[in-house]
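The values are calculated or read from the model by the stated rules, or taken from the named source; none is laboratory data. These figures come from a predicted structure and were not determined experimentally. In this analysis, Cβ positions are derived from the backbone assuming ideal geometry, glycine residues included, and neighbour counts consider all displayed protein chains.
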Amino acid sequence: MSTNTQHGEQPDAGDIALRANAVIDGLRWSLANELGDSGHEARDWYDTFGWPNRGNNADWDADNYYALYLRNAYAYAVVAQKPKTTWKHEPEVRDRVDQEEDAQREPTDFEKKITKLDREHDLWHYAHRVDRMAGIGRHGLLVIDYADTNGPGDFEDEFTGVENASGLDMINGYRVYPEPMIEDIEWGEPGSDRWGKPVKYQIDLGDDADAGTQDEQNTTLTVHHSRVVDVPARVLDDGETRARPRQEPVLNNILDIEKTLGSTAELSYRAADYGLNVNLDPEKVDTSGDAMDMMEEDLQNWYHGLQPFLRTKGADVNRLGGEVKDPTGIVDNNVRALSTQTGIPQRVLEGASLGELASAEKDERQYLGMIAERQRQYAEPYIARAVIQHHLDDGVLPDYEGKWFDFIWPDLTEMSEQEEADVMSTRSEVVTNLQTAVPELRGERAEEFVESGEFPEREGATANTPLDEDDPRVQESFQQFTGNAARYEAGDWVDTPDGKGLVDDAVQEGTVDGMEASSDSPVYAVIMLDEATVNFYRAGDLEATEGPDVDLEDPADDVVEANSTTGTLAGWLDILGADLTANDWSMPPSWRKAETPARVILLDAWSSMGAQFDCGGACCMGELKSERLCGALKDEALGTEAWRGGWAD
């Protein structure tokens with residue numbers, strides 16, 4: 001476990017830092033202590049249920065988390081499942097030289113060197129590993145092995161370059177270390193440029209299988225911070241380098257699962273290896289003679305498998321052993337709690353084959369949406385960008401040519417077999433509906449459309465025959481076609497007959513604004529850009545388009561930041577069951593200063609949240625964590641509260 005030592009010899013400054021830490025730890029302990037208070041002085045829930053003591057990890061440290069990670073399947077999943085999905089596809093680092101021509105131009109030297117760094121030193125492989133190791137405790141280390149070291153002592157010096165080497169030649173590779181291997185941290189003193197930040201790390205190599213040494217005197221390595229990328233366990237709260245362990249919120253559930261499965265296994269063993277209790281009736285058996293010796297001999301022969309029977313004349317034989325209870329209900333409840341807190345679907349925790357297909361696919365979509373959010377808010381800033389920026393500062397990588405660089409994360413969604421079958425079924429229906437109007441859409445041409453989704457060109461066509469749009473048959477065929485072929489989702493920008501707008505919902509039942517809605521022909525509720533109103537359209541009236549340009553980098557993040565304090569209060573109001581009311585969210589100051597109108601920025605932010613109140617992932621509730629704030633934000637975006645009762649009449 002790491003401890004804190006103050007750099008320099010200034011006791012007054014040290015006292016300041018220690019007192020500050022003590023205040024923070026005291027607040028944490030007080031809050032955690034309340035969690036186990038049952039309201040009865042004679043009873044403490046944590047002691048009663050056999051959970052670790054509360055208060056700043058009083059009797060549960062990184063070593064305990066590490067042991068649980070290594071031996072418990074659910075603890076391993078809590079730590080490792082999200083990193084596994086996050087780094088399923090490596091990100092592309094894009095040098096923003098010319099955004100409009102990025103896809104066509106040749107890679108810059110900066111981009112080429114990152115590709116080479118990954119090829120020669122497995123950059124993204126180590127990014128995945130340090131993500132996993134960081135989650136065991138409060139943080140983890142990615143240590144860079146520069147070519148200027150000839151022995152363990154050289155790691156203690158600040159990295160200033162490598163003589164007769166430059167660029168990628170200055171690096172030998174990487175190593176990763178979880179918190180249990182970080183023996184001590186030397187912290188910067190107040191007033192220095194490293195105040196509150198690590199200066200040096202002492203790493204215990206005794207448990208490192210790759211260290212290759214049995215010399216106990218050389219098992220500790222001191223590493224300067226310039227050779228380290230320090231990765232927190234998750235998005236930081238009040239600290240600067242360390243977060244709370246990923247297992248901590250679900251530790252009680254993991255331990256309950258372990259206790260349940262362990263006790264069930266022990267009871268099963270005892271049930272299989274049960275004992276016998278034999279009572280001899282002295283009125284039927286002469287216990288003073290050889291009866292006792294004969295019974296003991298019979299029992300020994302039976303127990304050791306030498307004979308399958310007992311002579312029981314005058315004896316009452318009872319089986320010893322408790323009843324084995326089915327642990328499924330207890331385990332399922334705890335796994336459900338794990339899933340709720342971590343956002344990892346229960347079927348993923350237990351195995352991908354579990355669960356009904358439709359429900360499983362919905363869970364997976366929500367999970368992948370959460371992972372996409374994790375890529376942007378955690379993996380990119382704390383790992384990917386941190387490593388790239390570190391190598392820009394140390395000279396391993398050349399400067400980027402554009403104004404900035406960013407990361408393109410590949411799409412995690414992959415169509416299931418059922419989804420692909422549904423798409424082809426829909427296309428087949430389109431072919432059937434159009435064959436009257438387009439006789440040529442048959443045979444191979446029809447198969448081509450069903451497989452690719454693109455209409456084949458009509459051979460020998462010289463002119464289009466005008467259609468009578470007032471003909472009911474034409475209108476029916478057109479409606480069937482547009483209802484099945486054109487689909488939009490919440491958050492899509494569209495052009496309408498009345499101007500540009502943002503799709504809020506696709507209503508699939510009931511009557512909306514005089515139009516019958518169904519799954520085959522939904523009615524789309526569209527938030528208009530130029531005025532605070534919602535209009536309703538069929539798919540045939542809409543056309544996909546790009547959203548408006550705003551002069552802010554990420555309006556949604558601005559909303560989260562501006563409402564972080566309000567969100568805490570709103571969360572308590574949600575718990576207390578307070579009604580959702582408008583005017584409970586704060587407009588970010590950056591919006592007021594921007595040249596783009598605030599309403600346009602608001603719709604851009606709402607679009608980036610999927611234009612959904614709650615989807616179990618990166619929607620409004622996933623960002624603001626409060627029904628009250630999300631309700632107020634949606635009221636403002638739509639200019640109405642009518643959505644609360646649904647759009648159907």
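Some notes on this structure:
Residues checked against (1) more than 30 Å from residue 350 (Cα to Cα); (2) touching a helix residue (DSSP H, G or I) at 6+ places or on another chain (Cβ under 9 Å); (3) part of a strand (DSSP E or B):
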{"position": "70", "(1), (2), (3)": "no, yes, no"}
{"position": "76", "(1), (2), (3)": "no, yes, no"}
{"position": "90", "(1), (2), (3)": "no, yes, no"}
{"position": "105", "(1), (2), (3)": "yes, no, no"}
{"position": "112", "(1), (2), (3)": "yes, no, no"}
{"position": "143", "(1), (2), (3)": "yes, yes, yes"}
{"position": "164", "(1), (2), (3)": "yes, no, no"}
{"position": "180", "(1), (2), (3)": "no, yes, no"}
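- The residues listed here are 278, 317, 324, 235; of these, the one that is under 24 Å from the mean Cα position of the chain (by Cα), β-branched (Val, Ile, Thr) and either within 30 Å of residue 349 (Cα to Cα) or modelled with pLDDT of 75 or more (or both) is 235.
- So residue 368, is it within 19 Å of the chain's Cα centre (by Cα), aliphatic (A, V, I, L, M) and at pLDDT 85 or above: yes
- Number of the condition not met by residue 397 [criteria: (1) crowded, with 16+ Cβ neighbours inside 10 Å; (2) part of a helix (DSSP H, G or I)]: (2)
- Against the numbered list (1) out of contact with any strand residue (DSSP E or B) (no Cβ under 9 Å at 6 or more places or on another chain); (2) of a type in the set (D, E, K, R); (3) surrounded by fewer than 18 Cβ atoms within 10 Å (Cβ to Cβ), residue 363 comes up short only at (3).
- Scanning the stretch 536-592 for residues that are in a loop (DSSP other than H, G, I, E, B) and modelled with pLDDT under 50 returns 576, 577, 578, 579, 580, 581, 582, 583.
Each row is one residue, and each column tells you yes or no for (1) among the charged types (D, E, K, R); (2) assigned by TED's automatic domain parsing to the domain that holds residue 70; (3) more than 30 Å from residue 81 (Cα to Cα).
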{"residue": "115", "(1), (2), (3)": "no, yes, no"}
{"residue": "118", "(1), (2), (3)": "yes, yes, no"}
{"residue": "131", "(1), (2), (3)": "yes, yes, no"}
{"residue": "141", "(1), (2), (3)": "no, yes, no"}
{"residue": "151", "(1), (2), (3)": "no, yes, yes"}
{"residue": "167", "(1), (2), (3)": "no, yes, yes"}
{"residue": "175", "(1), (2), (3)": "yes, yes, no"}
{"residue": "178", "(1), (2), (3)": "no, yes, no"}
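- Considering residues of the stretch 145-159 that are in a loop (DSSP other than H, G, I, E, B) and either touching a residue at least 24 places away in the same chain (Cβ under 8 Å) or touching a Lys or Arg at 6+ places or on another chain (Cβ under 6 Å) (or both) only, the residue farthest from residue 392 (Cα to Cα): 157
- Subset of the stretch 504-554 that is surrounded by 14 or more Cβ atoms within 10 Å (Cβ to Cβ) and at positive phi - its residue that is nearest to the chain's Cα centre (by Cα): 510
- Just one residue in the set 90, 106 is of a type in the set (Asp, Glu) and at pLDDT 90 or above; that residue is 90.
- Flag: residue 171 matches the condition of being touching an Asp or Glu at 6+ places or on another chain (Cβ under 8 Å) and among the β-branched types (Val, Ile, Thr).
- Looking only at the stretch 183-204, residues that are buried (at least 17 other Cβ atoms within 10 Å of the Cβ) and closer than 24 Å to residue 396 by Cβ come to 5 in all.
- Criterion applied to 446, 461, 384 was being at pLDDT below 70, buried (at least 16 other Cβ atoms within 10 Å of the Cβ) and either out of contact with any Ser or Thr (no Cβ under 6 Å at 6 or more places or on another chain) or not polar (S, T, N, Q) (or both), and the one residue passing it is 446.
- Residue satisfying all of: in the stretch 345-365; on the phi < 0 side of the Ramachandran plot and in contact with a Lys or Arg (Cβ under 7 Å, 6 or more places away or on another chain); modelled with the highest pLDDT among these: 346
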